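One structure is given below, encoded as structure tokens.
Values in this text are rule-based calculations from the coordinates and carry no lab data. Bear in mind that the values here come from a model prediction, so they are computed numbers and not experimental data. Every residue, glycine among them, receives a Cβ derived from its backbone with ideal geometry; neighbour counts consider all protein chains shown.
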Amino acid sequence: MVDINPSDLEKLERKLLQAEKDSAGKFTKDLLIVQNRLYAQLESLSWLQRRMAIKSQLPPLRSWATSPDVLLRLHAHIMATRPSVIVEFGSGASTLVIADALRQNGTGKLISIEHSDHYGSQTLGTLQAESLEGWVDLRIGELEAWEGEHLNPEDAEKPSRWYPVSLLEGVENVDLLWVDGPPGATCLFSRYPALPALADKLSPNAEVWMDDTIRQEEKDICERWAKDHGFELEYFPLEKGLGRLTRPGAQAVAPAPMPQAAVAVAVSDGDADHPERALGLDFSLPEGQGKDRG
């Protein structure tokens, strides 16, 4: 028979109780993070829908799609600054949002660069349904080898590929460059060529916006762009992150204020963890949708 010291039992009981409290506390914290994150996106989506003049609904804005908080900021920025020429890499919901802002302004043009015929056709159909195709020059071309400077190592498993440079023919005086492609799975630092390819085609007060800066690759790209091309860089702690590069001394319009719920998410959820997955929640699109986006 084994003798058990009563004090050891008490210590074990206290440890078990503390572990239970810690686990419950973490679950509660994660639940609050998810709740705030969801509310922030619903709030941003609500404001975005009120701002836009489209008749039908927006495409799904989960998984690989640009988040509502970024789209809201993008729409507000375009209406405030009234850019004449916008270039985006990676078409989708952002194309519709940008085109709507241009139409409300009554001026400007979006040149949308896309690598996929499938997603390009979807984007065109969405624009046509809203009579917005006249505000967009949609250019589609399969990704090809990129011969210029790149952050992707020469001995990388996947060689550097990017949009055909021929798709940029005639592009000049770009006021806003919105970068949300090509997909991250293309190669390491897949979005890097965007600014080198357009550096001499930007207007004096041009801004460059990078989506998904919660990912380190996108941050590394932004920091390299800022260093090599003389931009000032700031990050916005939105759901998937946003990097904004501006010219030093340029007359920049202050960014649209973030909804309070989004601020709460930025404070309470500073890292890129996804507690919703640990809680058994899945916000991704059905299998097969968006599988080649990134």
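Farthest toward the positive end of the dipole of segment 43-189, out of Val165, Leu132, Pro153, is the Cα of Leu132, where the dipole comes from beta carbon charges about the Cα centre.
In µm²/s, what is D for segment 135-262 at 37 °C and 0.692 mPa s, where D = kT/(6 pi eta Rh) by Stokes-Einstein and Rh is the Kirkwood radius from Cα pairs? The Stokes-Einstein estimate is 210 µm²/s.
Here the scattering of segment 138-209 is modelled by Debye summation over its C-alpha atoms, one equal scatterer each and no solvent; at q = 0.12, 0.15, 0.22, 0.25 Å⁻¹ the log10 of I(q)/I(0) is -0.33, -0.51, -1.02, -1.24.
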